[in-house]
1. Would you confirm whether or not the range 621-634 contains a residue that is touching a Pro at 6+ places or on another chain (Cβ under 6 Å), of a type in the set (Val, Ile, Thr) and within 30 Å of Ala303 (Cα to Cα)?
2. Can you go through Leu246, Leu170 and tell me which one is within 24 Å of Glu625 (Cβ to Cβ), under 21 Å from the mean Cα position of the chain (by Cα) and surrounded by fewer than 24 Cβ atoms within 10 Å (Cβ to Cβ)?
3. Of the residues Ser267, Ser284, which is among the polar types (S, T, N, Q) and either surrounded by fewer than 24 Cβ atoms within 10 Å (Cβ to Cβ) or over 19 Å from Phe218 (Cα atoms) (or both)?
4. If you scan the range 158-167, which residues turn out to be among the aliphatic types (A, V, I, L, M) and surrounded by fewer than 16 Cβ atoms within 10 Å (Cβ to Cβ)?
5. Among the listed residues Val540, Val592, Val610, Val554, which satisfies the condition of being modelled with pLDDT of 80 or more, β-branched (Val, Ile, Thr) and over 24 Å from Leu436 (Cα atoms)?
6. With among the aliphatic types (A, V, I, L, M), at negative phi and in contact with a Gly (Cβ under 6 Å, 6 or more places away or on another chain) as the only criterion, which of Met427, Met472, Met379 stands out?
7. Which of the residues that make up the range 174-194 are surrounded by fewer than 15 Cβ atoms within 10 Å (Cβ to Cβ) and within 32 Å of the chain's Cα centre (by Cα)?
8. Which of the residues spanning the range 497-509 are in contact (Cβ under 8 Å) with a residue 24 or more places away in the chain and surrounded by fewer than 21 Cβ atoms within 10 Å (Cβ to Cβ)?
Amino acid sequence: MNVIGWALAGVCGLAGLGVLAAVVSPRRARPGLVGAATAGVGVAGLLAGVAALRGLTFEARLPGLLPLAGVQIALDPLGGWFVAVTGGVIAVAALYGIGYAGCGHGPSGRGVQAALPVFAAVLLLVPAAASVSTFLVLWELMAATSLVLVLAEHRARPAVAEAGRWYAVLTHLGFVAILLGLVFYAAHAGGDGFADLRAAHLSPTLRGVVFVLVFVGFGSKAGLVPLHVWLPRAHAEAPSPTSAMLSAAMVNLGVYGVIRVGFDLLSGGARWWWLLVLAVGAVSALYGILQAAVATDLKRLLAYSTVENMGLVFLGLGAAGIFRAAGAATLAALAVAAALLHVLNHAGFKALLFTAAGSVLRATGSRDLDALGGLRSRMPFTTALFAVGALGASALPPGNGFVSEWLLLQSLVQALPAGGVVTAVAMPLAVAVVALTAGLAVATFVKALGVGFFARPRSDPAAAATESPPVMLAAMGVLGAACIGVALAPAALGPELSRAVGAAIHAPAAAMSGGVSLQLAGIASTMSPLLIALTLTVAVAATAVLVRLATARVSRRRAAALWDCGAGPPTARMQYTATAFAEPLQRVFDDVLAPQTDVDITPHAESAYVLTRVAYQTRVPDRVEHALYTPLLTAASRLGRLGPVLANGSVHRYLGYGFFGVTGLLLVLAVIR
């Protein structure tokens, strides 16, 4: 057994120790012991992923672990990329969770604490599954343990229970779609091992059905529109360390599933598959960032940002599939590389942003940007680290998100010579989507950083906030350093990224290379993130020096009070709130967002012309949820009222149900065969 095998064994062993610590340790010591074991799980997973990316492979079969099929494990560079990213997120989030729990935040019950290391281990084992049965068991175990973690604080807030219900229903509907797709695939392949699936010869119709089913299932886990409605609820209401793992690690497995099945097992496929992926990704990116731009709940804003970034990843995968169907292998490899690199970058800055949001919640007890402000002076380290994450999420240089989005744009822009009407129409639209989402992301995070951190405090808790403990700051510092490192030297990941891309598309790939300058394979385009960062630093420093020299020439200075029109000194109520900052965007996209406003006027008891109170309330609901899911829930509620009619106790009626059910099942099986 090589390094990968020992590391995966360490993942399972440390997870078992974490469960044991959750069961037997006292309440006060429990979060620390479980957190340490979970961090060890993450480190072991990181080692396994890095070893796979360096060229090592590992295969194992445990026939007695699962009935009939057994367990098959294999880790290649593609799985290693996701295992490494997930392991890093888990290790840092668990370390952060130790400090978070030490401040009296987060649940400490035995059940929740026992679910944490199991969830971490399963996240790492899903990309290592090498058979349908192993994959499905691990996927369902991931869903069950993550649901326990989402519901951890359901006694404290009713919204948590509602989020858990949405998450449970949609994640299991997604599981049903994956189950049907992979079972149909395995049945026609004659075996459930991934090697059997690769060698199978399926009809084009069946291949299309399998891909659509798994795309729906994996898309629901990634939070693609319209299957995203669970994500803003669950990620916002879960404890902050859990939110970081959900948004920076778990959603990535939806990306992994589409790459593994669509590119690896099904070997590409028809062009219409990837047009569907590209279209859904583009809609998800635009809708997610629009909702984030108008959100005032900090964690909900970050959750919708996850929808946006997953949309960009799937946009890249859709473009790669279109390129591959057109025979443009170089562009396909470049687009897959952009998607995988954005998975890494998003994991870094989103974990950093969620942990910083958890620090704000710990210090103020609030996630409402309209009630925050003044945190720059009260929480300087958290503010600086949030700024690093916001820069990455805004896709501005020198943030780490800029590198992967630039790579994605390069693949889309270079697509025009590939030819074809579909490419000529779809790719410019995709470029426009990426550019528009980047601009809206800048506005979104300027709002979050400016209103939440740099403005004056608008509540007593914000004015009295204190900095986070050293353990939490250390965890956020590791994430910040990782974001900066990837932003300045992405070429260092070139060999590992190329191996992951090659494993995905079954072709040698050298996506990017270089030292100081980033060079793309097969494309005459280079870029140096380090030089861009140095140039920006020099420009800012030179501007500051020039301003200082210009003001130094003034021989006499006089201090004077700010002109206030007789209204007194400015107060926090005179500054922009998050709601006011987003109002222009809300007006521009009014038809898409469909905001709801309510004005409640209370007249004086003696005269209707004299007002005693005017209350104005505005909210931006999720329009997809309102238009799609509300009618479905209403119909389901009405259908539920038919239960007493259908199940009235009549034996004859029950026998009829059984007869028609068995007959229908036999007809379906006859059609399939």
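The values are calculated or read from the model by the stated rules, or taken from the named source; none is laboratory data. Every value quoted in this text rests on a predicted model; they were computed, and no experiment measured them. As a convention, Cβ positions derive from the backbone with ideal geometry for all residues, glycine included, and neighbour counts pool all protein chains shown.
1. Yes, the conditions are met somewhere in the range 621-634.
2. Of the residues listed, the single one that is within 24 Å of Glu625 (Cβ to Cβ), under 21 Å from the mean Cα position of the chain (by Cα) and surrounded by fewer than 24 Cβ atoms within 10 Å (Cβ to Cβ) is Leu170.
3. Among Ser267, Ser284, only Ser267 is among the polar types (S, T, N, Q) and either surrounded by fewer than 24 Cβ atoms within 10 Å (Cβ to Cβ) or over 19 Å from Phe218 (Cα atoms) (or both).
4. Looking only at the range 158-167, we keep the residues that are among the aliphatic types (A, V, I, L, M), and these are 159-161, 163.
Answer for the range 158-167, where residues must be among the aliphatic types (A, V, I, L, M) and surrounded by fewer than 16 Cβ atoms within 10 Å (Cβ to Cβ): Ala159, Ala161.
5. Details: Val592 fails: over 24 Å from Leu436 (Cα atoms); Val610 fails: modelled with pLDDT of 80 or more; Val554 fails: modelled with pLDDT of 80 or more.
That would be Val540, the only listed residue that is modelled with pLDDT of 80 or more, β-branched (Val, Ile, Thr) and over 24 Å from Leu436 (Cα atoms).
6. Result of the check over Met427, Met472, Met379: Met472.
7. Hit for the range 174-194 is Val176, nothing else.
8. Across the range 497-509, the qualifying residues are Gly502, His506, Ala507.
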